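I have placed the structure first, in the form of structure tokens, so that the comments after it can refer back to it.
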Amino acid sequence: MTYQTIIFDVAGPVATITLNRPDKLNAFTEEMHRELAAALDSVGAADSSIRALMLTGAGRGFCAGQDLGSRRGDMAPDLGHTLNTLYNPLIRRLRKLPLPIVCAVNGVAAGAGASLAFACDITLAARSASFLQAFAKIGLVPDSGSTFFLPHLVGSARARALAMLAEKIGAEQAMQWGLIWQVVDDDKLVGEAKALALRLAAMPTRALAYIKRALDTAETSTLDRQLDLEAELQAMAGRTEDYREGVAAFFEKRTPTFKGR
Ligand code: T3D
């Protein structure tokens, strides 16, 4: 498939998706949603040999959320429909993808662009990047998971101020508040994100997928339910080839070679 709004690149076990509408700071269009869905489906396909995904943006922005070009004028579009058919499936696809996702936020992440960064597993940001809950500025409600991610990541007080005041915060502050994992010098961002994706791709992929599932479930669970889920997931992890390899490598005092099986 050829893509117009994203760049989809596969190098060994790592796939990279680059949002590619730099003149609009990679704002979402329907076409971009369709292309992202297709790329994510191919990455997550049962016969795929990809074991980690990296997501970033082209140019000086990461993603400015919905392209407002199609929202101008005297009209009342059904935004619930857009969320149900485009944004929510995207966030669900990312969270359910049975692979680790590294996000490299190369510039401003605004509106649903910020939600996208928070939905990934490990998010790095360039020192010059910023995060903006732009929604209230245009009369909207944070979406694409932001009302869920924000309070879980930074607590209620900061979540409310970020969502209501719609003030931009820098990458350093985002890291200090726990919105992202690490800040990296601008010129090192892509290299570090690729290295991290490669490192994750050499890890026991199925165990990483189960970790994703356990942590996602924990956000709305109880200790009792988590204990049951951990037992279920550990039973599956214990049947993997990678687990046998991990234990064998431990006793043979060597680095394990995981195959993602
Ligand atoms: O509608 C639905 O379906 C519901 C779903 C909603 C999800 C959402 O994401 S709603 C939130 C939408 N996004 C925004 O409100 C953010 C709008 N953008 C900005 O606030 C600013 O552009 C930024 C803070 C992100 C960056 O500011 P700055 O000063 O660095 O750049 P700029 O000059 O504003 O933007 C550069 C260009 O990108 C500019 O185009 P031009 O004038 O050079 O031709 C600007 O218009 C364009 N651009 C930036 N964001 C968007 C955009 N064009 C269309 N849509 C955008 N969201």
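The values are calculated or read from the model by the stated rules, or taken from the named source; none is laboratory data. Please read these numbers as outputs of a predicted model, since none were measured by experiment. A quick note on method: Cβ atoms are made from the backbone with ideal geometry, for glycine too, and the neighbour counts reach across all protein chains shown. With ligands, DNA and RNA removed, areas are computed over all heavy atoms of the protein, side chains included. Shrake-Rupley method; radii C 1.70, N 1.55, O 1.52, S 1.80 Å.
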Which of ILE17, ILE211, ILE180 fluctuates most in a GNM of the chain (C-alpha springs under 10 Å)? That residue is ILE211
Once all protein chains are kept in place, SER221 shows an accessible area at probe 1.4 Å, nearest 10 Å², of 30 Å²
Whole-Hz Karplus couplings 3J(HN,Hα) for the range 154-166, θ = phi - 60° and coefficients 6.51, -1.76, 1.60, Gly and Pro as x, run 10, x, 5, 4, 6, 4, 5, 5, 4, 6, 7, 7, 6
Expected vector for the range 203-208, Karplus 3J(HN,Hα) from phi with 6.51, -1.76, 1.60 and θ = phi - 60°, integer Hz, x for Gly and Pro, equals 8, x, 4, 5, 5, 5
Heavy-atom accessible area per residue of the range 205-251, all protein chains kept, 1.4 Å probe, expressed in Å², is 66 Å²
Sequence order, the range 17-23: Karplus ³J(HN,Hα) from phi using 6.51 cos²θ - 1.76 cosθ + 1.60, θ = phi - 60°, Hz rounded, Gly and Pro as x, gives 10, 10, 5, 9, 10, x, 5
Given all pairs of distinct Cα atoms, the range 17-112 yields a Kirkwood Rh in Å of 14.2 Å
Whole-percent carbon and sulfur contribution to the accessible surface of the chain (1.4 Å, no ligands, DNA or RNA) stands at 56 percent
The answer for trypsin sites (Lys or Arg not before Pro) in the range 67-109 that fall in a DSSP coil and have at most 13 neighbouring Cβ atoms within 10 Å is ARG72
Taking max minus min of the Cα coordinates of the range 6-201 on each principal axis, largest first, gives extents in Å of 47, 34, 30
Expressed as a whole-number percentage, the relative contact order of the range 26-142 with C-alpha contacts under 8 angstrom and at least six residues apart is 29 percent
Longest the chain segment clear of GluC sites (Glu not before Pro) sitting in DSSP loops (not H, G, I, E or B) with at most 15 other Cβ atoms within 10 Å runs 1-166
For ASP187 the rounded accessible area (nearest 10 Å², probe 1.4 Å, non-protein molecules ignored) is 130 Å²
Those trypsin sites (Lys or Arg not before Pro) from the range 203-242 that are DSSP loop and have at most 14 other Cβ neighbours within 10 Å turn out to be ARG239
The relative contact order of the chain, taking Cα pairs under 8 Å that sit 6 or more residues apart, comes to a percentage of 17 percent
